[in-house]
Amino acid sequence: MKPQISSFIRRNISSARRKLFVAAIAATCISASAFANGETENEKAASNLKKEFANAKNVEWKVTSDYIKATFSWNGQQLEVFYNEAGETIAQSRIIDKSSLPLKAQQFIGKKYPDYKITEAIEYNNEETGVSFYVSLTKDSAKQILRISIQGDVSVYRP
């Protein structure tokens, strides 16, 4: 009876090895096709992110037809970095405190939107246009998004 058990174990181990090998090949093919379909981050973008933000944590990637976006935390800040399809940085944004907005804009918002609450302020640095700010304002169910230039000029981005 012992030879039968030994033979049974050898066959099952061999079968298990084959199944693991097939599963490993399938996993490799799936991840390779996901990369080919653009579902994973671009290697150049990932490399640039590691160079620019070595201590980035909780990195999440989003790939669209227009850009590759990395969302992450770095040195206690929440950041987003946008890359083109070649993996080059095209823009960066970060959440900032409303007190970091240009003074001229703070004064304007205080006068024009006295009953609104600033719910979010973002600094956006585009490689082509430079630094600007975006502010979300809410009052009851109304919401507005303002665009602020580096000089503090305010315009409605989205009513």
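The values are calculated or read from the model by the stated rules, or taken from the named source; none is laboratory data. Model, not experiment: these values are computed from the prediction. Virtual Cβ from ideal backbone geometry, glycine too; neighbours counted across all protein chains shown.
Does any residue of the range 138-149 turn out to be polar (S, T, N, Q) and in contact with a helix residue (DSSP H, G or I) (Cβ under 7 Å, 6 or more places away or on another chain)? So far as the range 138-149 goes, no, none of its residues is polar (S, T, N, Q) and in contact with a helix residue (DSSP H, G or I) (Cβ under 7 Å, 6 or more places away or on another chain).
Would you check if V131 is within 15 Å of the chain's Cα centre (by Cα), β-branched (V, I, T) and within 25 Å of K44 (Cα to Cα)? So V131 does not fit the description; no. Listed by position, the strands (runs of 3 or more DSSP E) inside the range 82-159 whose residues that are surrounded by 11 or more Cβ atoms within 10 Å (Cβ to Cβ) number at least 3 are 89-96, 117-126, 130-139, 142-149.
Evaluate the range 63-74: report whether one residue or more is out of contact with any strand residue (DSSP E or B) (no Cβ under 6 Å at 6 or more places or on another chain), outside the structural domain of V131 (by TED's automatic domain parsing) and outside any loop (DSSP other than H, G, I, E, B). Yes, the range 63-74 contains at least one residue that is out of contact with any strand residue (DSSP E or B) (no Cβ under 6 Å at 6 or more places or on another chain), outside the structural domain of V131 (by TED's automatic domain parsing) and outside any loop (DSSP other than H, G, I, E, B).
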